[in-house]
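Chemist: Here you go, one structure.
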Amino acid sequence: MLETLKKSLAALGADGWELTENKTRRWEFYFIRHALDQNRAADTVNYNVKVFKKLEGGLLGEINPTDTASEVEKKLSDLLSRASLVKNPEYSLVSEKITLPDKTERVDIQKIARDFIEAVASVPETETEDINSYEIFVSEITRHTLNSNGVEYTAVYPASMLEIVVNARREGHEIELYRQFNSGSCDKEKVRADVLAAMRTGRDRLAAEPTPRVENIDVVLSTEDAVSVFEYFTMNSNVQAKYRRISPFEQGKPVCDWQGGDKITVRAVRELDNSSRNFPVDAEGSVIEERDIIKDGVLCDFWGQRQFSQYLGIEKNSVISNFVFDGGSMSAEKLRSGDYIELVEFSDFQVDSMGGDVAGEIRLGYLHKDGETKIITGGSVSGSMLEAAPTMKYSRETAQYNNIVIPAVVRLKNLRITGVK
Amino acid sequence: MAFYGVIILKAIFSQYLASIAPELKRLVAILGESYDYVSVLSTDSKGISLTISQRAKNVTTQNITTERGSVVRVYKNGLYSEYAFNSFDSAEKLAEKAKEALDSQLALLKATGSKVYDTAKLDDSPAELFVEKDAEILPEECDVGEFIRLFTELSDEGMKTIPGALDVMVRASGTHINKMFLTANRDLRQSYSYVEGLAASYAPGKDGDMKFTHVGVSGCGGMELLYGLREKITTLPGIMADLVASEKIVPGEYDIITDPTVTGLIAHEAFGHGVEMDMFVKNRALGKDYIDKRVGSDKVTMHEGARCDESVTAFAFDDEGTLAGDVTEIDHGILKTGICDALSALRLGIEPTGNGKRQSYDHKVYTRMTNTVFDSGDDKLEDMIKSIDHGYLLRGMQSGMEDPKHWGIQCIIERGYEIKDGALTGVCVSPVVMTGYVPDLLCGVTMATSDRVVEGNGACGKGYKEWVKVADGGPYLKTKARLG
């Protein structure tokens, strides 16, 4: 199919084209308690083609592996005639030849799947905390990127996901905790530690009392929910957000009106240990540059798609897959001092990158006030990053969540807690 | 042999699927020599997606439901296994590939000492169905230039009329769904089209934040439904003016009135996810213990099923070959039943309800919602407002999160309009986080209007994955909730 496509594209008369071939081999296992609910295997290939007339934005379509040569020709011809209707400012496709070697090491999905099964099986369960169900997804993805300027690159990489539900119970009352862990392959020790941590959280939640009314108290986040706080900065550093006038960030200027908070530094990196997004070349054929995005609270430059980058006058750019935030000025221990409320479990914690709104229903937290600690549940947290970011403090220690490294603990002011009593 | 009926309208069934059906039937027969049950679901769904704004235009023939591929489901020794593929080969070669992949998996499972969740065999009594639903303009055949012009015109109009708008984006997508389900004894084929469109705008708020709002249209049919955006977009200027001037709400418990989009969000989060019966199998849903018990006031009746509305999810059969249903989940406040996929139904000893859905052919089936809708009442909106001393009329859903195990609910709502002494004060608050305990929320329902709106823009996940099209809605409801 790839040769058919290349031949048809060469004869099409387009002013440019981009082609991505994605091959996926995936194994999936679904367990209820520890009994196999279902096993699944998938073996698929997808061809995404974008054709351009005058390089004004192009039109993206999918070619099926089952299409005949004449069907491919007709689809491409239809794409091209429709592409001429999509009028955007012109931009150029990637033309720099890729000197990096292709990443071709095969992924042993059988071994990774086995590691996940064994890691979950190794978690010690008790009468009061156990595993309800889990789902294992292990993929080998082969991404082959080509364009009309002769750019070509192939990357083979693993992508895995473990979804697990843990139960905890006390005196006839049972609760559950949902976790979704994304990674490249399986880090057995980390899986085990993460599941055990979820069980501990469950134990505490059973002992929780309703969140009281509290005012003017700092909020501490120390779990994966904190990723949303830091993604507010990466999302607003994206070229599309800027070009669409959604982002308030300006190149060379502070990303917020810093008022004593730890100033953000975040870097783009090509690869992160065990990330599920370790491909050194983006889908447009740009080699991912390792560089600072924000340094000491000031935006160095926007990152993202070539089209919107060029509209902003950035000639060379790439779509970043892995981010690393620097740690802050204090230790995690120091951050956890005085009065504060540490929230560790939500129904769904959200930070709206567009407006900065923060919201989440609290499922578990620890209220530290006047030297006492109460385990609390219920109510919600709300507020805005516009008010919280300028003074936020975060820990020197960092933590990795798949494709992002962030400070392990962050302390925020100016958020509101709505209690339930 | 059961014969369910024929509807011949305008969304013509995929010639590609018709052409591969004989070979797929051979595949079923070949695999049938090794397994006790075999089915194949094949899809060929073409579509379009357009995004037009002042800043950029984007058109693609892909969206979240476009796909072409097949999945084989086999059963032996109490275990169901699946193999998904999208390259077509002879039946013999496909059978060989499927068996090789699944046998390798079974070897791993044996090596790790994994036990099987023993499940009975699916029914395969004979059935045939052929459905082609109505659609004037199929998504894959639409005049792209005409819709680019229409959306550009709407965006331009919005820029002139919406106060402070930084951009007005019009986004639409549509898919001509074609699915074929085959077993040794069944041949089900369906073809229908759905579309969804929204006009969205954003503008700076008074506190330096960004305010975002949108209006939408959706339904079962062709691209012609998108012309409805012309009328809808006329409401955006007023909404944006309210948002820009909005204040923060003082947290507390209030009397509330929910508009149909917020009512739909409650339906979806409260007793949508809460009664997906694959969660009953895992003992993950409190609803299991509340069948025939009160979970809402007498004013609360709720339906679920693909047959409840001609929406974006109005299929004729689900992804396991079960015919579309219409289930009364809550009848005057009493929880009667949930919704169920075929395998969970076998495990629970009940009949499936036509709610077995996949994100795509290469994803697993889960119990999923279709149309989740509160029934209408006989009250008037103005009487609801008059009945409130201090509360809010909540409009515009943003997002929600389910908690089937504990019946907590979290809904993020775009805006609330203050009501004092039986009248709207003109004060708008935004955003509003509504949280609470589902039975409290539903038992608090004292009034419901006689109208009803069902919408299906966006997608629903199970946990944080498996995105499928759903629709929900209902009338205006009056109840109490905690807002923050």
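Chemist: Are any of the residues in region A:247-256 among the hydroxyl-bearing types (Ser, Thr, Tyr), out of contact with any Cys (no Cβ under 9 Å at 6 or more places or on another chain) and at pLDDT 95 or above?
Modeler: no
Chemist: Tell me, which strands (runs of 3 or more DSSP E) wholly within region B:422-472 include 1 or more residues that are within 27 Å of B:Ala245 (Cβ to Cβ)?
Modeler: B:423-429, B:432-437, B:453-455
Chemist: Take the residues in region A:388-408 that are touching a Lys or Arg at 6+ places or on another chain (Cβ under 8 Å) and within 14 Å of chain B (Cβ to nearest Cβ); name whichever of them is surrounded by the fewest Cβ atoms within 10 Å (Cβ to Cβ).
Modeler: Looking at residues that are touching a Lys or Arg at 6+ places or on another chain (Cβ under 8 Å) and within 14 Å of chain B (Cβ to nearest Cβ), I get A:Asn402.
Chemist: Scan B:Gly354, B:Gly325 and give me the residue that is in a loop (DSSP other than H, G, I, E, B), free of Cβ contacts under 8 Å to residues at least 60 places away in the same chain and surrounded by 23 or more Cβ atoms within 10 Å (Cβ to Cβ).
Modeler: After ruling out the rest, the residue left standing is B:Gly354.
Chemist: Now, a different point. May I ask you to say which residue of A:Val298, A:Val287 is under 21 Å from the mean Cα position of the chain (by Cα) and at negative phi?
Modeler: On inspection, the qualifying residue turns out to be A:Val287.
Chemist: When the residues of region B:194-209 are filtered to those that are at the interface with chain A (Cβ under 9 Å from one of its Cβ atoms) and touching a residue at least 40 places away in the same chain (Cβ under 8 Å), which remaining residue is farthest from A:Ser384 (Cα to Cα)?
Modeler: The qualifying residue farthest from A:Ser384 (Cα to Cα) is B:Pro204.
Residue-wise test of (1) among the basic types (Lys, Arg); (2) within 17 Å of A:Pro65 (Cβ to Cβ).
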| position | (1), (2) |
| --- | --- |
| B:Thr60 | no, no |
| B:Thr65 | no, no |
| B:Arg68 | yes, yes |
| B:Val74 | no, no |
| B:Gly78 | no, no |
| B:Phe85 | no, yes |
| B:Glu96 | no, no |
| B:Lys99 | yes, no |
| B:Asp103 | no, no |
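So that you can scan it fast, the table gives a plain yes or no per residue for (1) touching a Lys or Arg at 6+ places or on another chain (Cβ under 8 Å); (2) surrounded by 16 or more Cβ atoms within 10 Å (Cβ to Cβ):
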residue	(1), (2)
B:Val28	no, yes
B:Leu31	yes, yes
B:Asp44	yes, yes
B:Gly47	no, yes
B:Val59	yes, yes
B:Ala98	no, yes
B:Ala107	no, no
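Chemist: Please specify each residue of region B:246-296 satisfying the condition of being at pLDDT below 95, under 18 Å from B:Asp309 (Cβ atoms) and part of a loop (DSSP other than H, G, I, E, B).
Modeler: Hit for region B:246-296 is B:Gly272, nothing else.
Chemist: Is there a residue being touching a Ser or Thr at 6+ places or on another chain (Cβ under 6 Å), buried (at least 21 other Cβ atoms within 10 Å of the Cβ) and either at pLDDT 95 or above or among the basic types (Lys, Arg) (or both) anywhere in region A:209-227?
Modeler: no
Chemist: Please find, within region A:1-50, the residue that is surrounded by the fewest Cβ atoms within 10 Å (Cβ to Cβ) out of those that are aromatic (Phe, Trp, Tyr) and within 19 Å of B:Thr61 (Cα to Cα).
Modeler: A:Tyr47
Chemist: Turning to a different aspect of this structure: Only strands (runs of 3 or more DSSP E) wholly contained in region A:1-114 count here; list those with 1 or more residues that are of a type in the set (Ser, Thr, Tyr), within 13 Å of chain B (Cβ to nearest Cβ) and farther than 22 Å from A:Glu152 by Cα.
Modeler: A:16-32
Chemist: Taking A:Val151 as meeting all but one of (1) closer than 20 Å to B:Gly408 by Cα; (2) over 26 Å from the mean Cα position of the chain (by Cα); (3) touching a residue at least 40 places away in the same chain (Cβ under 8 Å), write down the number of the exception.
Modeler: (1)
Chemist: Would you call A:Asp194 outside the structural domain of A:Arg411 (by TED's automatic domain parsing) and charged (D, E, K, R)?
Modeler: Considered against the rule, which asks whether it is outside the structural domain of A:Arg411 (by TED's automatic domain parsing) and charged (D, E, K, R), A:Asp194 comes out as yes.
Chemist: Let me ask something additional. Any residue that is in a strand (DSSP E or B), more than 18 Å from the chain's Cα centre (by Cα) and surrounded by 20 or more Cβ atoms within 10 Å (Cβ to Cβ) - is there at least one of those in region A:323-337?
Modeler: The answer is no, given that none of the residues of region A:323-337 is in a strand (DSSP E or B), more than 18 Å from the chain's Cα centre (by Cα) and surrounded by 20 or more Cβ atoms within 10 Å (Cβ to Cβ).
Chemist: Could you list, in sequence order, the residues of region B:381-421 that are assigned to a strand (DSSP E or B), among the acidic types (Asp, Glu) and within 13 Å of another protein chain (Cβ to nearest Cβ)?
Modeler: B:Glu414
Chemist: If I ask for residues that are away from every other protein chain (no Cβ under 14 Å) and closer than 18 Å to B:Val312 by Cα, which ones from region B:354-378 would you list?
Modeler: Answer for region B:354-378, where residues must be away from every other protein chain (no Cβ under 14 Å) and closer than 18 Å to B:Val312 by Cα: B:Gly354, B:Asn355, B:Lys357, B:Arg368, B:Met369, B:Thr370, B:Asn371, B:Thr372, B:Val373, B:Phe374.
Chemist: In addition: Which is part of a strand (DSSP E or B) and under 18 Å from A:Ile117 (Cα atoms), of A:Ile164, A:Ile175?
Modeler: A:Ile164 is the lone residue from the list that is part of a strand (DSSP E or B) and under 18 Å from A:Ile117 (Cα atoms).
Chemist: Okay, moving on. Would you confirm whether or not region A:267-289 contains a residue that is within 14 Å of chain B (Cβ to nearest Cβ) and without any contact (Cβ under 8 Å) to a residue 24 or more places away in the chain?
Modeler: For region A:267-289, residues within 14 Å of chain B (Cβ to nearest Cβ) and without any contact (Cβ under 8 Å) to a residue 24 or more places away in the chain: absent.
The values are calculated or read from the model by the stated rules, or taken from the named source; none is laboratory data. The shown structure was predicted, so the numbers you read here are calculated from the model rather than taken from an experiment. Using ideal geometry, Cβ is built from the backbone for each residue, glycine included, and neighbour counts are taken over all protein chains shown.
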